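*Asks:* Quick one: the structure is below, and I'll ask about it shortly.
The values are calculated or read from the model by the stated rules, or taken from the named source; none is laboratory data. Note that this is a predicted model, so its numbers are computed, not measured. Reconstructed Cβ throughout: ideal geometry from the backbone, glycine too, with neighbour counts over all protein chains shown. When the accessible area is computed, the model is the full protein with side chains, heavy atoms only, and any ligands, DNA or RNA have been set aside. Shrake-Rupley method; radii C 1.70, N 1.55, O 1.52, S 1.80 Å.
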Amino acid sequence: MKTKTILFACMAGLLLNGCAAYEKKNQAGAAVVVNGKYLYQSTLDSLTLGLSSEDSLRVVQQYVSQWSKDILMYDAAKARSNSAIEALVEDYRRTLYVHAYEEYLVEQRMPKTVTDSTVRDVYEHMPERFRLDESIVKGLMVVVPNDAPNIARLRNWMTNVDLDHVEKYAYQNASGYELFEDRWLTSTEIIAAMPIQRAELEAALKSKNQIEVADTLKTYILQVTDKQLRGEKMPIDYARPEIEKLILNARQVEFLQKERERLYNEAIQDKKIVFLSDEKL
């Protein structure tokens, strides 16, 4: 009996010492403690980098006050919680974990490559999905002062897409020059670059490949080398980002469904799911 008493005392001492050590570790570097929750000095220091002493004190006081109030309000609410609230909290907690795990699975294990043939198949089988809400163009734009020399020659060079002469002229006289033959610009982007109304631009694109407008200071010349008008089918290269998004979203749904099925079937095989009834569930 004496031996058991001594042994119990030793175990109790070890437990108390361990708790004390844990508590001491938590207290190290702590600036504030509220209901057993610790706010560390390092956190406060990070809030006041570069601030004056007066500003630092104000920021720290505000932060500590708000942090303390949050802790106290949470503890008060938790003390009065009921089973319904606990169920909601647990459900939300489970949802967060599942969502984070699904994001991990999609990022680490789901194939992200989308082949050209898959893109084309979707593009051809969903023609109405890929209609343009606004016109898009490829080409070049030059902006010059209204009194710039030889603007007539510039127009001709742009009509013939004589880039050598256009670029030399732009270097000497232009206040703005952009070449975008390798990418599509929308009507919205064109309107942002030159003083023209949407209706005027859309109408001009139907009949012209060179569009010129001027304000009190500058002349803006847009040369269109390729275009697709509002309401027409998107070019496949323009539609590709949207198509890839559709494909990957559908792939993600299927991938996660299969992962759920895999986990379910493995759990049944490993007898982690036990049916308490003979009826098929």
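*Asks:* Among the residues of region 182-199, what is the count of those that are in contact with a strand residue (DSSP E or B) (Cβ under 8 Å, 6 or more places away or on another chain) and surrounded by fewer than 14 Cβ atoms within 10 Å (Cβ to Cβ)?
*Replies:* Within region 182-199, residues that are in contact with a strand residue (DSSP E or B) (Cβ under 8 Å, 6 or more places away or on another chain) and surrounded by fewer than 14 Cβ atoms within 10 Å (Cβ to Cβ) number 3.
*Asks:* Which residues, taken from region 147-156, are open to solvent by 50 Å² or more (accessible area, probe 1.4 Å) and either in contact with a helix residue (DSSP H, G or I) (Cβ under 6 Å, 6 or more places away or on another chain) or farther than 19 Å from LYS227 by Cβ (or both)?
*Replies:* ASP147, PRO149, ASN150, ALA152, ARG153, ASN156
*Asks:* Residues of region 163-172 being open to solvent by less than 70 Å² (accessible area, probe 1.4 Å) and touching a helix residue (DSSP H, G or I) at 6+ places or on another chain (Cβ under 8 Å), which ones?
*Replies:* VAL166, TYR169
*Asks:* Go through the residues of region 231-239 one by one and say whether even a single one is touching a Lys or Arg at 6+ places or on another chain (Cβ under 7 Å), surrounded by 12 or more Cβ atoms within 10 Å (Cβ to Cβ) and closer than 20 Å to MET158 by Cα.
*Replies:* no
*Asks:* If you don't mind, there's one more thing I want to ask. Mind checking which residues of region 133-146 are open to solvent by less than 10 Å² (accessible area, probe 1.4 Å) and in contact with a Lys or Arg (Cβ under 6 Å, 6 or more places away or on another chain)?
*Replies:* SER135, VAL137
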